[in-house]
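Colleague: To start, I am sharing the structure in question, which I have written as structure tokens.
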Amino acid sequence: MRDDTCALCGNISFSKILAISGPISIVKCGGCGVARTHPYPRFDFASQEKYSSFYLDNEAMFRMFARSMMAAIRPFKSSGSFLDVGCSVGFLLDEAKAAGFEPACGIELNVKAGLISQQKGHTVYAEPLEELRLEAGRFDAISFNHVLEHIPDVKRFLAEARRILKDDGVLYCGLPNYDSFMRRWLGKDWYGWGMPDHIWHFDAATFERTLRGAGFSPKAIVKNALYYPYSKSLRKNTRATVARIAAALGAGDQLYGIFTKA
Ligand SMILES: [Zn+2]
């Protein structure tokens, strides 16, 4: 990917939104309007040791995320085959199975995390979705939570997700929302920038436009704030309270959507 060219739309004009550190900044594409990290991050997390321990150490929080995702999916689809792209240590697969989805399959590129999911009895693929060539129309429900912002070729990724989704299947997609109060308040310290590995940064408008462009139709698009657990730290608790108030006022810093094929 050429750093000065938007890999989503090919446009070469962009404007800087925020300086992060050194040569790294967040820029907004003059063509499609999607923000991205400039220069493009080249980050290999397949062998990151700490990736799986981060999930295991924060199991209560990530299980809460998984349950809230299932609560969002179930009004639209409550059984059938399930695929979680970026399944990590398998918390969402556990919840999907408990909710009645069978089989619950995952894709995980981090070797250690994928192995942990597999040891629980889930089917886990270790290759990128775009390269797996899974059977067309195989899944009733597909999820990718905080995954799309890591994908270099978003169009190819979404096209492949659409191809393997059943015609009446549902897609859950969640990601950070940079057009949010917490990002304005915390600036470059906002968690959602996901340095050093987030390539793309979406807001509600570019999120919906990107998914529509890939042939999906939104059934619901919601802003919330889940990534702020209460703890013994006054600073964290202040942030947690502000994040919840901002979300209640419609300026939450996470976006998720439920989509069907258009
Ligand atoms: Zn663009």
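Colleague: Could you say whether any residue in segment 210-229 is surrounded by fewer than 19 Cβ atoms within 10 Å (Cβ to Cβ) and assigned to a helix (DSSP H, G or I)?
Modeller: Looking through segment 210-229, at least one residue is surrounded by fewer than 19 Cβ atoms within 10 Å (Cβ to Cβ) and assigned to a helix (DSSP H, G or I).
Colleague: Quick one: which strands (runs of 3 or more DSSP E) lie wholly within segment 78-136 and hold at least 1 residues that are of a type in the set (A, V, I, L, M) and touching a residue at least 60 places away in the same chain (Cβ under 8 Å)?
Modeller: Numbers: elements: 80-85, 101-107, 123-125.
Strands (runs of 3 or more DSSP E) meeting the threshold: 80-85.
Colleague: Regarding segment 186-205, can at least one residue be identified that is assigned to a helix (DSSP H, G or I) and crowded, with 23+ Cβ neighbours inside 10 Å? Steps first, please.
Modeller: Pass one, segment 186-205, residues assigned to a helix (DSSP H, G or I): 186-189, 191-193, 204-205.
Next, only the ones that are crowded, with 23+ Cβ neighbours inside 10 Å stay: none.
No, segment 186-205 contains no residue that is assigned to a helix (DSSP H, G or I) and crowded, with 23+ Cβ neighbours inside 10 Å.
Colleague: Taking only segment 8-34 into account, find how many residues are more than 8 Å from the ligand (Cβ to nearest atom), of a type in the set (A, V, I, L, M) and farther than 23 Å from residue 189 by Cβ.
Modeller: Summing the residues that are more than 8 Å from the ligand (Cβ to nearest atom), of a type in the set (A, V, I, L, M) and farther than 23 Å from residue 189 by Cβ in segment 8-34 gives 1.
Colleague: Right, next: Kindly provide the set of residues from segment 1-31 that are in a loop (DSSP other than H, G, I, E, B), among the hydroxyl-bearing types (Ser, Thr, Tyr) and exposed (fewer than 15 other Cβ atoms within 10 Å of the Cβ), ordered by number. Talk me through it step by step, then tell me what you get.
Modeller: Initially, segment 1-31 is screened for residues in a loop (DSSP other than H, G, I, E, B), giving 1-13, 22-23, 30-31.
Checking which are among the hydroxyl-bearing types (Ser, Thr, Tyr) leaves us with 5, 13.
Once the filter is applied, which keeps residues that are in a loop (DSSP other than H, G, I, E, B), among the hydroxyl-bearing types (Ser, Thr, Tyr) and exposed (fewer than 15 other Cβ atoms within 10 Å of the Cβ), segment 1-31 yields only 13.
Colleague: Also, quick follow-up: Listed residues 27, 89; which is touching a Ser or Thr at 6+ places or on another chain (Cβ under 9 Å) and within 28 Å of residue 208 (Cα to Cα)? Spell out how you get there, then give the answer.
Modeller: Values: 89 fails: within 28 Å of residue 208 (Cα to Cα).
Only one candidate qualifies: 27.
Colleague: So residue 81 fits all but one of (1) under 30 Å from residue 168 (Cα atoms); (2) touching a His at 6+ places or on another chain (Cβ under 9 Å); (3) among the polar types (S, T, N, Q); what number is the exception?
Modeller: (2)
Colleague: Taking the conditions exactly as written (of a type outside the set (D, E, K, R) and more than 25 Å from residue 87 (Cβ to Cβ)), does residue 158 satisfy them or not?
Modeller: On the way: of a type outside the set (D, E, K, R): yes; more than 25 Å from residue 87 (Cβ to Cβ): no.
So residue 158 does not fit the description; no.
FYI, it's all coordinate maths here, none of it is from the lab. Worth saying up front: this structure is predicted, and the values here are computed from it rather than measured. Every residue, glycine as well, gets a Cβ built from its backbone with ideal geometry; the counts of neighbours run over all protein chains shown.
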